[in-house]
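Asker: Quick one: this structure, given as C-alpha cells, is what I'll be asking you about.
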Amino acid sequence: MTQDDDLDRELRRLFGDDRLDLSPREGVESDILTGAQRIRRRRTALTATGGALTALLLVGGGLVVSDMRSGPEQAAAPSPQTLLSLSSSPSTIAPAPQVPPPAVPSSDTATVGGTSDSTAPSTSGRTTRTPTPSATTTPRVESIPQATGPVLGPSGYGKLQLGMTFENAKATGMLTGTDTAPQGCADYKLAEGSAALNDVRISSTYGIVGFDATGARTPEKIKIGSTTDQLEAAYPNASSSGSGYSAASGSGGTYVFGVDGNKVVGLQLVGSGSC
C-alpha cells in the first residue's frame, strides 16, 4: 500500500465522520486529491533539482583537483562557494579616501609690530611665518572734557548780559564799585569774587561789552586749561589767528580764546560794541 492510498483512506475517514456538522459539497474529494498530487509533484521536482546540483558540484570539484594535479605553476581554480559568493554579492565599492587631519598650529609664535606670527614648516624645508592680525586699534580722538562749574553763556553771565546799560547792571547787585559810572569804558568786579570772572567791562555808550573769565567755562565745556585739540573739537568752525581762536557764541557775541602752545590761557566773551 502506497502513501497516496493511506492519504486517500484517511481523507475518506475524516469526511465520513458523523461528528461533522457540515456536509462536503459535491466533488470536494476530487479537489483535495488533485491538490495533494500537485504537492507530491513539486516535492519530486525539488528532489531531482537537488540531485542535479549535487552532481554539478561534484564535477566542479573533480575539475579543480585535476587542475591542481596538472602542474604546480597553474593557478588554483576558485571553489564553487567562491563562485557563488562572487555571483551573488554586489559590486565592490571602493573605500572613501582618508582625509588627513588638519595641521595643529605650532606653539612657536612671535609677535612683531602688533601682529602674531605663527611659525610652520613649509614643503621646501624652510620655516614660514603666517602673520595673524592683532586686535584692531581705535584711532585716538581727543574728547571734550566733562568740565563743571559756572558757565559764561553765549550772551553773558547770570543776570549780566551783553549790551546791558550801566544802570541796569548796577541794579542786579552783582557788581562792586558801581558808585562811579564809567567814563568811556570801565572794568567792574563781581560781588561774589573772582572765581568765575576777573571783571566785567562796561561802556558808557554800548553798555556791557565784555566778560573776562577766570574759572568760568563755555556751554561747550571749554575753559582756561583746555587743550587746543579740545577747543577745535568743540568749535570746529572757529577762526584761528596768531594769538588764539575766535568763535561765534550764537547770541550776537564772540568767544575769544587766548592760547599758549597747545593750552587755552584766556577766555573772553565780547559784544559788538567797543571801547
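The values are calculated or read from the model by the stated rules, or taken from the named source; none is laboratory data. All values reported here derive from a predicted model rather than from experimental measurement. Backbone-built Cβ (ideal geometry, glycine too); neighbour counts: all protein chains shown.
Asker: Looking at region 252-271, can you tell me whether even one residue there is touching a Pro at 6+ places or on another chain (Cβ under 7 Å) and part of a loop (DSSP other than H, G, I, E, B)?
Answerer: Yes: one or more hits.
Asker: Sticking with this structure for a sec: Within region 158-186, which residues are buried (at least 19 other Cβ atoms within 10 Å of the Cβ) and touching a residue at least 60 places away in the same chain (Cβ under 8 Å)?
Answerer: Listed by number, the list holds a single entry, LEU162.
Asker: Let me ask something additional. Look at ALA248 and say whether it is at pLDDT 95 or above and either more than 49 Å from the chain's Cα centre (by Cα) or crowded, with 19+ Cβ neighbours inside 10 Å (or both).
Answerer: Numbers: at pLDDT 95 or above: yes; either more than 49 Å from the chain's Cα centre (by Cα) or crowded, with 19+ Cβ neighbours inside 10 Å (or both): no.
Judged against the criteria, ALA248 is not a match.
Asker: If you don't mind, there's one more thing I want to ask. Of the conditions (1) in contact with a Ser or Thr (Cβ under 8 Å, 6 or more places away or on another chain); (2) over 14 Å from LEU160 (Cβ atoms); (3) of a type outside the set (Gly, Ala, Ser), LYS221 fails just one. Which one is it?
Answerer: (1)
Asker: For residues that are in a strand (DSSP E or B) and of a type outside the set (A, V, I, L, M), tally how many sit in region 226-251.
Answerer: The first filter runs over region 226-251 and keeps only residues in a strand (DSSP E or B), leaving 227, 239-240, 244-248.
Add one more test, that the residue is of a type outside the set (A, V, I, L, M), and what stays is 227, 239-240, 244-246.
So the answer is 6.
Asker: Against the definition (at pLDDT below 95 and surrounded by fewer than 16 Cβ atoms within 10 Å (Cβ to Cβ)), how does SER240 come out, yes or no?
Answerer: Values: at pLDDT below 95: yes; surrounded by fewer than 16 Cβ atoms within 10 Å (Cβ to Cβ): yes.
It is true that SER240 is at pLDDT below 95 and surrounded by fewer than 16 Cβ atoms within 10 Å (Cβ to Cβ).
Asker: Just one of the numbered conditions (1) modelled with pLDDT of 95 or more; (2) over 49 Å from the mean Cα position of the chain (by Cα); (3) more than 14 Å from MET164 (Cβ to Cβ) is not true of THR227; which one?
Answerer: It is condition (2) that THR227 fails.
Asker: I would also like to ask the following. Taking the condition modelled with pLDDT of 75 or more and at negative phi, does LEU20 pass? Full working, then the answer.
Answerer: Details: modelled with pLDDT of 75 or more: no; at negative phi: yes.
When the stated conditions are applied, LEU20 does not pass them.
Asker: Output the residues belonging to region 244-254 that are under 23 Å from SER204 (Cα atoms) and in contact (Cβ under 8 Å) with a residue 60 or more places away in the chain. Please lay out each step first, then the result.
Answerer: Step one: of region 244-254, the residues under 23 Å from SER204 (Cα atoms) are 251-254.
If the condition is that a residue be under 23 Å from SER204 (Cα atoms) and in contact (Cβ under 8 Å) with a residue 60 or more places away in the chain, then SER251, GLY252, GLY253 are the ones that fit.
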